[in-house]
Amino acid sequence: MDQKRLFSKSGGVIWHWRALTRRHRWQHFIQPLDQWLRAWPQQSDALLLIGASAGWCLESGFLQRYRHIHAIDPEPLAQVLFRLRHGKALRESASELHWRQQDAIADLRQLLQQHQGHDVLFSNMLGQHGFHRPSTDQAESEISQLKQELMNFNWASYHDRLSGRQRLNNDTLRSRTLPAGLDAVALARRLGLQGEWADHLTSQVLPVKQDRLYLPWQLTAERLHWVEVGHG
């Protein structure tokens, strides 16, 4: 088993334990995300789910819309936990789950050729892409090129934009819809953030013409992530 992936900065054992014990506290993030995903127009009965992990932030009802789900994730524990979390519901809806342990970004062109006509969802993985590349320049370049590869697909993504040390309050709890073209500094200003915030290199993921939904996610008691949600 890949020890590096088991204890990755963006997944692995620590991530799964955190999700298992805290997911019930994440409903302020999971519920509006699920509402957005259910409203995202479905164009296929097959879904290419990139960065599937264990599907901790996805509700089974969204996945049940699809007859075929092709899940891609490089992390060795993900398939077992995904099947434990969503398997019963997928069997009830006769949704077939196909799994591949793979670096989807490195092999994206091949994957898209193999899954022509599928809806494509990047599931909370692009914001961690920088952890898995030798330089931020390489990671940001690969991320910014995605929308060109996906021009002929119905696709969507939710991904980290900013993260920092802050507790949720009544103001930060609400989601925001903001225009495209905001860099990390401008986004932090529009969200009313103060102090130091990490930039997850995802400002160029989505097409420049559309507004984006921003959801606050209190990942831990002290760490808040702002997640960007949108489609191509």
**Fill in**
Checked segment 181-217 for anything part of a loop (DSSP other than H, G, I, E, B) and of a type in the set (Asp, Glu); matches are Asp183, Glu196, Asp211
**Request:** Scan segment 119-160 for residues that are of a type in the set (S, T, N, Q), modelled with pLDDT of 90 or more and either closer than 16 Å to Gly55 by Cα or touching a Phe, Trp or Tyr at 6+ places or on another chain (Cβ under 7 Å) (or both) and jot them down.
**Result:** Ser123, Asn124, Ser157
**Item:** Scan of segment 177-203 for residues that are closer than 18 Å to Ala156 by Cα and buried (at least 17 other Cβ atoms within 10 Å of the Cβ), ordered by number
**Value:** His200, Leu201, Thr202, Ser203
**Item:** Residue count, segment 23-53 (criterion: open to solvent by 10 Å² or more (accessible area, probe 1.4 Å), out of contact with any Ser or Thr (no Cβ under 6 Å at 6 or more places or on another chain) and under 27 Å from Arg167 (Cα atoms))
**Value:** 10
**Asked** Among the residues of segment 170-182, is there at least one that is in contact with a strand residue (DSSP E or B) (Cβ under 7 Å, 6 or more places away or on another chain), at pLDDT below 90 and of a type outside the set (Gly, Ala, Ser)?
**Response** yes
**Elements of type strands (runs of 3 or more DSSP E) in segment 61-176, at least 1 residues being surrounded by fewer than 18 Cβ atoms within 10 Å (Cβ to Cβ), within 18 Å of the chain's Cα centre (by Cα) and free of Cβ contacts under 8 Å to residues at least 60 places away in the same chain** = 96-100
**Prompt:** Out of the residues in segment 9-18 that are in contact with a helix residue (DSSP H, G or I) (Cβ under 8 Å, 6 or more places away or on another chain) and buried (at least 18 other Cβ atoms within 10 Å of the Cβ), which is modelled with the lowest pLDDT?
**Reply:** Ser10
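Conditions tested, residue by residue: (1) over 27 Å from Ala39 (Cα atoms); (2) charged (D, E, K, R).
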{"position": "Ala89", "(1), (2)": "no, no"}
{"position": "Leu108", "(1), (2)": "no, no"}
{"position": "Asn152", "(1), (2)": "no, no"}
{"position": "Arg174", "(1), (2)": "no, yes"}
{"position": "Pro179", "(1), (2)": "no, no"}
{"position": "Gly192", "(1), (2)": "yes, no"}
**Asked** Among the numbered criteria (1) open to solvent by less than 10 Å² (accessible area, probe 1.4 Å); (2) modelled with pLDDT under 95; (3) not in a helix (DSSP H, G or I), which single criterion is violated by Leu58?
**Response** (2)
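The values are calculated or read from the model by the stated rules, or taken from the named source; none is laboratory data. What you see is a predicted model; the values in this text were computed from it and never measured. So basically every Cβ, Gly included, is an ideal-geometry build from the backbone, and we count neighbours across all protein chains shown. We work out accessible area using only protein heavy atoms, side chains counted, and drop any ligands, DNA or RNA first. Shrake-Rupley method; radii C 1.70, N 1.55, O 1.52, S 1.80 Å.
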